[in-house]
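Everything below concerns the one structure shown next.
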Amino acid sequence: MRRTVKSHIMLKIQHQTRKKLAYISPLPPIQSGISYYSAELIPELSKFYDIEVIVNQEEVSGIYIDFNIPVRDVDYFKRNFYKYDRVLYHFGNSTVHTHMFDLIEDYPGVVVLHDFYLSGVISHLEIHQIKPAFWMEELFFSHGYKALRERFELDKEDVEYKYPCNLRVIDNAVGIIVHSNHSIELAKTFYGNAIRDWSVIPQLMSNQEKRNGARKRLSFKENDFVICSFGLVGPTKLSHRILDAWLKSSLSKNENCYLIFAGENHGGIYGKELIRKISESHAKDRIKITGWMDEDTFRDYLSIADVAVQLRTSSRGETSRAVLECMNYSIPTIVNAHGSMAELPKDAVYMISDNFEDEELVKALEELYQDKEKRLTLSIKAKEEILKNHSPAFCAEKYYETIEKYYEKEPFNLKKLVDFMAPVISPLTDESVINASYCIDRSIPVKSIKKHIYIDTTTTFKNDLDTDISKMLKDILINFIENAPPGYFVEPVYLENDDNFWYYKKARNYIKKLLNYNETKHENIFEDEVLEPNAGDIIFELDVSGEAIIKAKEDDLFDYLIGKGVKVYLMIYGLSSALHQQSDIDAWLEDWLKFICSFSGVVCTSEKIAKDLKNWIEQASIKTMPSFKIIDFKPDSDSIQKLINMILND
């Protein structure tokens, strides 16, 4: 008999040493969707790994945890990190994940990003002084100067909603697991096409069946037709749209039809307005907002619902567990094609448009009320989808395959490398440690999906000149910051040297002055750090840096950077009249051409400059790199995005 894929995997595991997995997640009794998710996943995942759970809580409940899985605290994990073969983090947008932000920087692992946006917990930790300046630091790291400025110019909620603040977690991860392709599309929106090889594993859902006696316990008759919307009531759930459509439908006039919002009401004006509208309606006695429910009551409502309506707007990458709960209970469910819900099988839910009109929702409600056969078909297909693609066993197998895939691709682990090298560095002096650090830094590329555009401001930074070129440079710099393409972080830099050793530093105090940052709470963000660019970064020599750039070139700084995979471009604003009058290539001009041709390319501010330069290079037979480019770019009319595209399209 041909073995199934699963039996092959299990056979392989049985004949090899089981790997030890550190499982970092909140767990029951903590009230968190992720804690209950982990409690369901761990029993199945333990068939593949020897699991130890790492928690930052006083108590862990659950029979399986209590009797089968070692529970370790964070300090134990730090001391014994080297003993674990695999590490798995479960990140969400709540304070129960606070300890993980520091952990993952020093102890990397595969990350399950249950919520794409982490800005809610990050802003909370700063505002409540649990981690001072944390939100500012993460805004700056993930989204740059523009986001940091908006932190103080816009409402807190608007900034939270706009910027996910998750890049440091992503960068430190061995690999990323999400629950929908929608999260991947969001990542590309913020970070560009550098997002590769993320894995989608569906939300798991343990099989549930309808509970007997639920209608009697909730005081409904057998012939009552109950429409439910599950979860917190609020504007992102479009609860008001559900109410409006139900009131417009013929169901609101039927004494046996009920609308139940099975969840806690919104605590603000939105919730009060919803209650007012219900109380003034002709069907007020058949519309109910339950408020918070215990688990048994919640399951009872799932058991009695004839139809569910689960709508979303302004999704930020999360996957609706409420929709899957409805499908698991075989409830015919109406959803709108928004975010991750658009990925649900069209034959397993009743899907309406993302930006639907009331009439479309009214039609869906009335059609499902009248068409018992359609309700039955949706019920069967919904349950089949849950059993096939969301069972804990199926998802655990996907986790195993994905975790192993990521660790097989991981070329090195910096912490384990340092731990390995520490005992062999002898003698252990400041000089030997610095030399070892230097070698590691220059030998091993930093893994980051964020690419940088560095703009050389050396002359302007040091002299604060008021020339036309300096003014143009400032305009270009601000334009870059305001309009940087997704995935690129713009930062001014300047050349510095110590004992003729040339390097770049980040001109953060300069940008603070240029952009009129007046806040004093984040002075540490504006320290002029030494720059170590990575492959894929771009350096624009937009300033007229004169002798500094020549000296840096003689010190092989640019050869080192280009060899590292950094693109270095010179900006040429104009050619002197003396150069234009030359008909022959003399020694000085040839040396100058060789100098500029040693870079990745040049950006000329007019078509004539670009044409003359190209002719001179051809006339002098100057050898250039195969990827050398001469780009015609007009700062007044061409977009920054266009310039970046011209540079990247080798």
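Read through the list (1) buried (at least 17 other Cβ atoms within 10 Å of the Cβ); (2) in contact (Cβ under 8 Å) with a residue 24 or more places away in the chain, then give the number of the only condition that SER46 fails.
(2)
Under the condition of being farther than 21 Å from LYS372 by Cα and assigned to a loop (DSSP other than H, G, I, E, B), which residue from segment 214-233 is least open to solvent (accessible area, probe 1.4 Å)?
Among residues in segment 214-233 that are farther than 21 Å from LYS372 by Cα and assigned to a loop (DSSP other than H, G, I, E, B), the one least open to solvent (accessible area, probe 1.4 Å) is VAL233.
Restricting to segment 469-526, name every residue that is closer than 27 Å to LYS553 by Cβ, open to solvent by less than 20 Å² (accessible area, probe 1.4 Å), β-branched (Val, Ile, Thr) and at pLDDT below 80.
Passing the criteria: only ILE476.
Out of the residues in segment 265-295 meeting the condition of being open to solvent by less than 90 Å² (accessible area, probe 1.4 Å) and among the charged types (D, E, K, R), tell me which one is modelled with the lowest pLDDT.
Residue satisfying both the conditions and the ranking: ASP294.
Mind checking whether some residue in segment 75-93 is open to solvent by less than 50 Å² (accessible area, probe 1.4 Å), small (Gly, Ala, Ser) and closer than 21 Å to PHE116 by Cα?
Initial filter on segment 75-93 (open to solvent by less than 50 Å² (accessible area, probe 1.4 Å)): 77, 80-81, 84, 86-93.
Applying the additional criterion that residues be small (Gly, Ala, Ser) yields 92.
Next, only the ones that are closer than 21 Å to PHE116 by Cα stay: 92.
Yes.
Could you go through segment 204-211 and let me know if any residue there is touching a Leu at 6+ places or on another chain (Cβ under 7 Å) and either buried (at least 18 other Cβ atoms within 10 Å of the Cβ) or under 19 Å from ILE122 (Cα atoms) (or both).
Yes, segment 204-211 has at least one match.
Confirm whether LEU148 is in a loop (DSSP other than H, G, I, E, B) and buried (at least 17 other Cβ atoms within 10 Å of the Cβ).
no
Exactly one condition in (1) surrounded by 24 or more Cβ atoms within 10 Å (Cβ to Cβ); (2) among the hydroxyl-bearing types (Ser, Thr, Tyr); (3) over 21 Å from PRO486 (Cβ atoms) is not met by TYR163; state its number.
(3)
Determine which single condition LEU368 fails, assuming it passes every other condition in (1) under 19 Å from ILE304 (Cα atoms); (2) touching a residue at least 12 places away in the same chain (Cβ under 8 Å); (3) open to solvent by 20 Å² or more (accessible area, probe 1.4 Å).
(3)
What strands (runs of 3 or more DSSP E), lying completely within segment 262-343, carry at least 2 residues that are under 24 Å from ASN212 (Cβ atoms), touching a Leu at 6+ places or on another chain (Cβ under 7 Å) and in contact (Cβ under 8 Å) with a residue 40 or more places away in the chain? Lay out the reasoning, then the answer.
Details: elements: 287-289, 307-310, 333-336.
Strands (runs of 3 or more DSSP E) meeting the threshold: none at all.
Suppose the filter is modelled with pLDDT under 95, open to solvent by 20 Å² or more (accessible area, probe 1.4 Å), within 31 Å of the chain's Cα centre (by Cα) and over 17 Å from LYS398 (Cβ atoms); does ILE63 pass it?
In short, no.
Would it be correct to say that GLU325 is acidic (Asp, Glu) and either within 30 Å of the chain's Cα centre (by Cα) or surrounded by 20 or more Cβ atoms within 10 Å (Cβ to Cβ) (or both)?
yes
Yes/no matrix, rows are residues, columns are (1) buried (at least 18 other Cβ atoms within 10 Å of the Cβ); (2) modelled with pLDDT under 95:
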| position | (1), (2) |
| --- | --- |
| ILE352 | yes, no |
| THR377 | no, no |
| LEU387 | no, no |
| CYS395 | yes, no |
| ILE403 | yes, no |
| ASP419 | no, yes |
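The values are calculated or read from the model by the stated rules, or taken from the named source; none is laboratory data. Note that the coordinates shown come from a computational prediction; the quantities given were computed from them, not determined experimentally. Every residue, glycine among them, receives a Cβ derived from its backbone with ideal geometry; neighbour counts consider all protein chains shown. What goes into the accessible areas is simple: the full protein's heavy atoms, side chains included, and nothing from ligands, DNA or RNA. Shrake-Rupley method; radii C 1.70, N 1.55, O 1.52, S 1.80 Å.
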